[in-house]
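Read the structure below first, then the notes.
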Amino acid sequence: MGKLYSYADNFRADKIKAVAAISGYKLEIASDYVHGVTNKTAEFESKFFGKVPAFEDGSTALCNDNAIAHFVGNEQTRGGANGGTENGRRGRQGRRGRRGRRGRSELAFTSDILKKVELLLLRSCCS
């Protein structure tokens, strides 16, 4: 189980929460986090450079919303059972990464999933 540090109504944190809910990852929200205070402490700045959302799970410390979403996600949220690669092939990738049928990298597939999650969040907030 990991701990997420963020302020209320942070859309980047909402994306992480949605991915965690889809993947079944147990995510604890830091109730003692106060924006502008907690993120200015020396300990927080040494771990996360003062950035939020921030996440820690054991020895793992992340402060980028896409990296956190990837960490708490599963195969489905990362682009499918084959990880977004064509025909499920894996292996060493070149500098540009392996391209799928449409010439898109794995990161593009992950980005598509995150965009869908953001749309779902917007629809649920606005309806």
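The values are calculated or read from the model by the stated rules, or taken from the named source; none is laboratory data. Note that the structure is a prediction, hence the values are computed from the model and not measured. Note that each Cβ is placed from the backbone with ideal geometry, even for glycine, and that neighbours are counted across all protein chains shown.
Name the pairs: first residue in region 11-36 and among the hydroxyl-bearing types (Ser, Thr, Tyr), second residue in a helix (DSSP H, G or I), Cβ to Cβ under 6 Å, at least 6 apart or on different chains?
Tyr25/Val72
Please give the number of the condition Arg96 fails out of (1) over 30 Å from Tyr5 (Cα atoms); (2) at pLDDT 55 or above; (3) among the basic types (Lys, Arg).
Every condition holds for Arg96 apart from (2).
Run Thr60 past the list (1) surrounded by 18 or more Cβ atoms within 10 Å (Cβ to Cβ); (2) over 24 Å from Leu120 (Cβ atoms); (3) in contact (Cβ under 8 Å) with a residue 40 or more places away in the chain; (4) not charged (D, E, K, R) and report the number of the one that doesn't hold.
Of everything listed in (1) surrounded by 18 or more Cβ atoms within 10 Å (Cβ to Cβ); (2) over 24 Å from Leu120 (Cβ atoms); (3) in contact (Cβ under 8 Å) with a residue 40 or more places away in the chain; (4) not charged (D, E, K, R), Thr60 misses just condition (1).
Looking only at region 1-37, how many residues end up being within 20 Å of Arg78 (Cα to Cα) and of a type in the set (D, E, K, R)?
Within region 1-37, residues that are within 20 Å of Arg78 (Cα to Cα) and of a type in the set (D, E, K, R) number 5.
Restricting attention to region 9-57, which residues are of a type in the set (Phe, Trp, Tyr) and either crowded, with 16+ Cβ neighbours inside 10 Å or touching an Asp or Glu at 6+ places or on another chain (Cβ under 9 Å) (or both)? Talk me through it step by step, then tell me what you get.
As a first pass, look at region 9-57 and keep what is of a type in the set (Phe, Trp, Tyr): 11, 25, 33, 44, 48-49, 55.
Correct list: Phe11, Tyr25, Tyr33, Phe44, Phe48, Phe55.
Only one of Ala8, Ala20 is over 14 Å from the mean Cα position of the chain (by Cα), small (Gly, Ala, Ser) and within 19 Å of Leu120 (Cα to Cα); which?
Details: Ala20 fails: over 14 Å from the mean Cα position of the chain (by Cα).
Step by step, each of Ala8, Ala20 is checked, and only Ala8 is over 14 Å from the mean Cα position of the chain (by Cα), small (Gly, Ala, Ser) and within 19 Å of Leu120 (Cα to Cα).
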